[in-house]
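Beneath this line is the structure, given in structure tokens, with notes to follow.
Laboratory data are not the source of any read-out in this text; all were calculated from the coordinates shown. Since the structure is predicted, the reported quantities are computational estimates derived from the model, not experimental observations. For neighbour counting, all protein chains shown are included, and Cβ atoms are generated from backbone atoms with ideal geometry for every residue, glycine included.
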Amino acid sequence: MFSVHRGNFGSQFLKKQEKRIQTRIEKYNDPERIKEELKNGGLSDYTKYKQKNLVPKLRKALHKIHTNQYGYCEKCNQPIEIKRLEIIPAAEHCLKCIKVNNS
Ligand SMILES: [Zn+2]
């Protein structure tokens with residue numbers, strides 16, 4: 001099955017997002033910090049949270065970039081606002097769907 005043609009995001013933008021995502025994954029998986037925290041009695045809640053909740057999302061977003069699925073809302077399938085993606089590169093939902101979720 002062919003996926004819907006998704007050409008709304010330029011390759012420049014996708015490259016930028018890919019870099020952003022990789023930088024974040026590296027930051028949250030910083031081996032020096034993890035070593036330091038383990039030495040001090042265990043991972044901090046901050047690191048645990050980032051690793052458990054954010055890193056998988058970031059990896060998923062990276063995978064989406066590579067498979068040309070990036071930037072589309074998982075709920076309504078519409079493109080997610082670019083401004084939103086710039087702030088939250090691993091965003092899975094558009095603003096509209098977030099608002100519906102929260103009400
Ligand atoms: Zn949506």
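Of note:
- Karplus (6.51, -1.76, 1.60) ³J(HN,Hα), θ = phi - 60°, over the stretch 9-26, in Hz, Gly and Pro reported as x: 9, x, 5, 4, 4, 5, 4, 5, 5, 4, 4, 4, 5, 4, 4, 5, 4, 4
- Counting all C-alpha pairs of the stretch 47-103, share separated by more than 17 Å (%): 40
- Computed Rg/Rh of the chain, alpha carbon atoms with Kirkwood Rh: 1.06
- Cβ-placed point charges (K, R +1; D, E -1), dipole of the chain about Cα centre in debye, nearest 20: 140
- Under 13 Å of direct C-alpha separation, and excluding same-chain neighbours fewer than eight residues apart, K50 reaches these aspartates and glutamates: E26, D30.
- Selection from N40, A61, I82 lying farthest towards where the dipole of the chain points positive, charges on Cβ: I82
- Of K27/K75; K35/K75; K39/K75; K52/K83; K35/K96; K15/K39, those spanning more than 32 Å from alpha-carbon to alpha-carbon: K35/K75; K39/K75; K35/K96; K15/K39
- Length-normalised contact order of the chain in % [C-alpha pairs under 8 Å, at least 6 apart]: 26
- Packing rank of 76-84, 31-39, where each peptide gets the mean count of other beta carbons within 10 Å, highest leading: 76-84, 31-39
- Label positions at K27 and E74, each projected 7 Å from the Cα along the C-beta direction, are separated by 2.2 nm.
- Calculated [θ] (222 nm, deg cm²/dmol) that DSSP helices of n ≥ 4 give over the chain, each run adding -39,500 (n - 2.57): -16500 deg cm²/dmol
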